[in-house]
1. Residue 105 versus residue 174, label points 7 Å from Cα toward the beta carbon: distance in nm?
2. When you count, for each residue, the other Cβ atoms within 10 Å and take the mean per peptide, how do 242-253, 185-196 rank with the highest first?
3. Find how much the distance from residue 124 to residue 159 grows on full extension, using 0.36 nm per residue of separation minus their present alpha carbon separation; answer in nm with one decimal.
4. Take residue 201 and residue 133, extend 7 Å from each Cα along the Cα→Cβ direction, and tell me the distance between the two endpoints in nm.
5. Mind putting a number on the dipole of segment 33-122 about its Cα centre? Charges go on the C-beta only, +1 for Lys and Arg and -1 for Asp and Glu, and I need it in Debye to the nearest 20.
6. Return the long-range amide H neighbours of residue 243 (sequence gap of 5 or more, or a different chain), with a cut-off of under 5 Å between placed amide H atoms.
7. Sorted by packing (mean other beta-carbon atoms within 10 Å per residue), highest first, where do 121-132, 163-174 land?
8. When the chain is fully extended, how far beyond the present Cα-Cα distance does residue 27 get from residue 235, taking 0.36 nm per residue of separation?
Amino acid sequence: MSDSIRLGLPKLIRGEVSEKGYDVRESELSGRTALVTGAGRGIGEAVARLLAERGAHVVAVDRDAAGITALEANSSSGPARITARTVDITDRPAVDALVDEVERTVGPLDILVNVAGVLRTGSVVELTDQDWADTFAVNTTGVFQVCRAVARRMTARRSGSIITVGSNAAGVPRAGLAAYAASKAAATLFTKSLGLELARTGVRCNVVSPGSTNTPIQRQLWTEPDSRGRVIEGDLAAYRVGIPLGRLAEPVDIAEAVGFLVSDRARHITMHDLYVDGGAALRA
């Protein structure tokens with residue numbers, strides 16, 4: 001009996017199956033169209049690159065054109081396909097127009113990855129109304145607006161995968177990050193609720209929650225010479241444990257988790273919150 005029959009795996013999964021698992025090939029996402037928000041840098045850029053390298057045609061979205069324009073230009077010299085679109089996801093009409101245009105000119109969306117996010121730091125008593133509003137406008141309302149526009153199309157086709165990149169801060173209190181943590185917690189529960197609503201249509205919705213990752217947003221928190229070390233080792237004064245694996249994540253570590261969850265290898269996973277934080281949250 002073959003491995004694929006014994007394990008009950010569908011033929012549509014790309015790559016050979018052995019006793020060690022799947023052989024992930026570059027063509028795993030071939031023929032699929034993906035939309036990635038916040039693709040101009042950091043985790044979003046890494047996700048866009050990885051999905052394109054695995055065969056998807058990626059529409060890279062960011063409100064800052066520089067990063068996604070460079071992504072598109074670099075992809076034109078190889079087999080990976082990336083199309084740049086400059087859009088602010090807090091602008092609902094612009095989001096609806098983007099999804100409509102992508103579906104008409106690029107292809108039906110099979111994958112959505114919400115990565116766009118902002119960070120406003122400070123204690124609750126110091127946060128301004130604008131800090132709070134800006135954080136939720138991108139991290140929560142933006143996720144809602146993009147998901148709604150894409151989910152309407154996916155449900156009609158009865159297939160698709162939606163990923164929201166959240167944060168382990170959504171499950172663990174962080175001093176000075178109340179607005180960010182609250183917005184990510186809201187986006188996480190929104191995505192799980194969406195997954196419940198869409199489950200019978202075959203659309204899967206999951207969350208990937210990074211911990212400290214070597215990105216521009218992370219580095220903006222480093223105000224002391226030993227900040228990087230304190231993130232890894234922990235900071236008792238901030239009531240923060242360190243990272244048990246002893247390293248910061250790189251953006252590609254998060255992208256790999258996304259790549260798995262949007263693939264057919266994760267066909268029976270939905271409403272899941274995958275922490276990719278080196279154990280930092282102690283999975284609280």
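1. 3.6
2. Details: 242-253: 16.2, 185-196: 18.5.
Those peptides, ordered most packed to least, come out 185-196, 242-253.
3. Result for the pair: 8.5 nm of gain on full extension.
4. So the label points at residue 201 and residue 133 sit 3.2 nm apart.
5. Dipole about the Cα centre, nearest 20: 240 debye.
6. Hits under the 5 Å cutoff: 233, 234.
7. Put in order of decreasing packing, that is 163-174, 121-132.
8. 70.5 nm
Bear in mind that the values in this text are calculations on the coordinates, not laboratory data. Small disclaimer: the values here were computed from a predicted structure and weren't measured. We place every Cβ from the backbone using ideal geometry, glycine too, and count neighbours over all the protein chains shown.
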